[in-house]
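The values are calculated or read from the model by the stated rules, or taken from the named source; none is laboratory data. Since we're looking at a predicted model, the values are computed, not measured. Don't worry about glycine lacking a Cβ; one is built from the backbone with ideal geometry, like all the others, and counts go over all protein chains shown.
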Amino acid sequence: MMTPIQSMIKVIGVGGGGCNAVNYMYREKVEGCSFIVCNTDRQALDGSPVPVKIHIGENALGAGTDPAKGRKAALEAHDQIDKVVLGNDTQMLFITAGMGGGTGTGAAPIIAKMAKDKGILTVG
C-alpha cells in the first residue's frame, strides 16, 4: 500500500477534509499528478479509492479535534512520509486539508515543512 509513486507533482490529502478533496479529484480522473491520502482514521483510509495511503498515529480512530494529536502523528511518521511523499522524484507538492479537525490542522503544517526543507515547491 505504501509504495513510493513516480510523479513529479503529488497531491496529498491530510485528515478527513483533505482526503475527501483528494478522493474527489481521483474519482474525476484528474491527470498529471499522483494522489496520496494521509489520515489518523484507519476506517476513512480503508474507504478511499486512492491506492497510496498513509496511516499516521497509533490510534486507528483519528485525532478528533485535537491538532496536537495530528502533529504528533505526523512527527512520528516522518520516515514513512518522507519515503512515500517526498521521494527524489517529487518536484511539487499540493497539500489539501480542512483545517477544522485534529489531523489536517496538526499534520499538514508538519508535512509542508518537511517538503520545504527538502526544497520541494509546496502549495497548501
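Within the stretch 48-70, the set of residues being assigned to a strand (DSSP E or B) and under 19 Å from residue 111 (Cα atoms) comprises 53, 54, 55. Quick one: count up the residues across the stretch 75-98 that are modelled with pLDDT under 90 and among the polar types (S, T, N, Q). Of the residues in that region, 1 qualify. The residues of the stretch 22-43 that are under 17 Å from residue 104 (Cβ atoms) and surrounded by fewer than 21 Cβ atoms within 10 Å (Cβ to Cβ), listed by number, are 23, 24, 25, 42, 43.
Out of the residues in the stretch 95-111 that are in contact with a Gly (Cβ under 6 Å, 6 or more places away or on another chain) and not β-branched (Val, Ile, Thr), which is surrounded by the fewest Cβ atoms within 10 Å (Cβ to Cβ)? The qualifying residue surrounded by the fewest Cβ atoms within 10 Å (Cβ to Cβ) is 98. When residue 89 is tested against (1) touching a residue at least 60 places away in the same chain (Cβ under 8 Å); (2) more than 19 Å from residue 17 (Cβ to Cβ); (3) in a helix (DSSP H, G or I), exactly one condition is not met: (3).
Taking first residues from the stretch 51-79 that are in contact (Cβ under 8 Å) with a residue 40 or more places away in the chain and on the phi < 0 side of the Ramachandran plot and partners that are surrounded by 14 or more Cβ atoms within 10 Å (Cβ to Cβ) and basic (Lys, Arg), the Cβ contacts under 7 Å between residues at least 6 apart in sequence or on separate chains come to 63/69. Taken over the stretch 6-47, residues that are assigned to a strand (DSSP E or B) and aromatic (Phe, Trp, Tyr) amount to 1.
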